[in-house]
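**Student:** After the structure tokens below, expect a handful of questions from me.
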Amino acid sequence: WGRLCLLLSLLLQLPGSQAKCYFQAKAPCEYEGKQFSLGESWLSTNCLLCTCLHPIGVGCCETTQHPIDFPDWCEAHYDSQTCQISVVQKANPSLPCVKSMEHEWGSAGTPEP
């Protein structure tokens, strides 16, 4: 049980404390035909970092940090190839969301002090 508690605490301390974690009891430590041993980790195709907790199950945590405070003229875009989320302009998604003279920036549409 000591190892299990240690592994679960490590999963929950991943960079980006906003990450959500999941635990599947009795899940096999196998992914895409490869077997994993206790403590081994892998990155799933849906960007979850999973750790084998055999024989207890598998623990997985999101690897992306979800932006929560950005202007309404911007939106979050998720890139499944890189497992990254970027904030871009709604009017032109090829441009990043940056502070400018024509747009206010800050919580709830209020300008920064």
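**Student:** Find the accessible area per residue for segment 17-62; the probe is 1.4 Å, ligands and nucleic acids are left out, and the unit is Å².
**Tutor:** Spelled out: the 1.4 Å probe surface of segment 17-62, per residue, equals 60 Å².
**Student:** Now, a different point. Can you check what the net charge comes to around VAL88, using other residues whose Cβ is under 12 Å from the Cβ of VAL88 (Lys, Arg +1; Asp, Glu -1)?
**Tutor:** Cβ neighbours under 12 Å give a net charge of -1.
The values are calculated or read from the model by the stated rules, or taken from the named source; none is laboratory data. It should be emphasised that the depicted structure is a prediction, and the values quoted were computed from it without experimental measurement. Positions of Cβ are backbone-derived with ideal geometry, glycine not excepted, and every protein chain shown enters the neighbour counts. Remember, those area values only see protein heavy atoms, side chains included, never the ligands or the DNA or RNA. Shrake-Rupley method; radii C 1.70, N 1.55, O 1.52, S 1.80 Å.
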